[in-house]
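Encoded as structure tokens, the structure appears first; notes follow it.
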């Protein structure tokens with residue numbers, strides 16, 4: 001998944017949706033929007049960020065079926081583990097590549 005931090009998720013998501021000709025998924029709002037091209041292409045997620053929130057504007061979000069194993073492997077390759085997070089039933093591990101760029105390992109969405 002490609003994750004973009006933005007001021008207006010439906011506006012930025014709408015731009016990319018129109019440009020790439022994939023409709024926004026149902027439920028798009030100013031806070032959250034996504035579109036899902038056919039597999040194996042990655043989903044595109046747009047999340048409203050606070051003005052004083054994360055300074056990263058784009059994050060690579062990787063699906064993981066074992067957060068601990070994937071995080072440990074990434075660390076062994078030179079990544080930094082910034083900690084496990086949970087919100088609204090979603091669970092992920094915040095990571096940094098060897099140059100400090102943010103990426104995450106995300107557990108599959110709750111059903």
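Every read-out reported here was derived from the displayed coordinates using simple, explicitly stated rules and does not represent laboratory data. Keep in mind the model is a prediction, meaning the values are calculated, not measured. Neighbour counts run over all protein chains shown; Cβ positions are idealised from the backbone, glycine included.
Here is the figure for region 23-44: residues that are in contact with a helix residue (DSSP H, G or I) (Cβ under 8 Å, 6 or more places away or on another chain) and crowded, with 16+ Cβ neighbours inside 10 Å total 6.
Touching a strand residue (DSSP E or B) at 6+ places or on another chain (Cβ under 9 Å), without any contact (Cβ under 8 Å) to a residue 40 or more places away in the chain, on the phi < 0 side of the Ramachandran plot and not in a loop (DSSP other than H, G, I, E, B), is that true of residue 3? Let's see the steps before the verdict.
Values: touching a strand residue (DSSP E or B) at 6+ places or on another chain (Cβ under 9 Å): yes; without any contact (Cβ under 8 Å) to a residue 40 or more places away in the chain: no; on the phi < 0 side of the Ramachandran plot: yes; not in a loop (DSSP other than H, G, I, E, B): yes.
Considered against the rule, which asks whether it is touching a strand residue (DSSP E or B) at 6+ places or on another chain (Cβ under 9 Å), without any contact (Cβ under 8 Å) to a residue 40 or more places away in the chain, on the phi < 0 side of the Ramachandran plot and not in a loop (DSSP other than H, G, I, E, B), residue 3 comes out as no.
Would you mention how many residues in region 71-111 are closer than 22 Å to residue 4 by Cβ and surrounded by 16 or more Cβ atoms within 10 Å (Cβ to Cβ)? Residues flagged as closer than 22 Å to residue 4 by Cβ and surrounded by 16 or more Cβ atoms within 10 Å (Cβ to Cβ) within region 71-111 amount to 14.
Checking region 45-56 against the condition returns a match, with at least one residue being assigned to a loop (DSSP other than H, G, I, E, B), under 17 Å from the mean Cα position of the chain (by Cα), in contact (Cβ under 8 Å) with a residue 24 or more places away in the chain and under 17 Å from residue 97 (Cβ atoms). Of all the residues in region 67-95, those that are over 11 Å from residue 106 (Cβ atoms), touching a strand residue (DSSP E or B) at 6+ places or on another chain (Cβ under 9 Å) and not in a strand (DSSP E or B) number 6.
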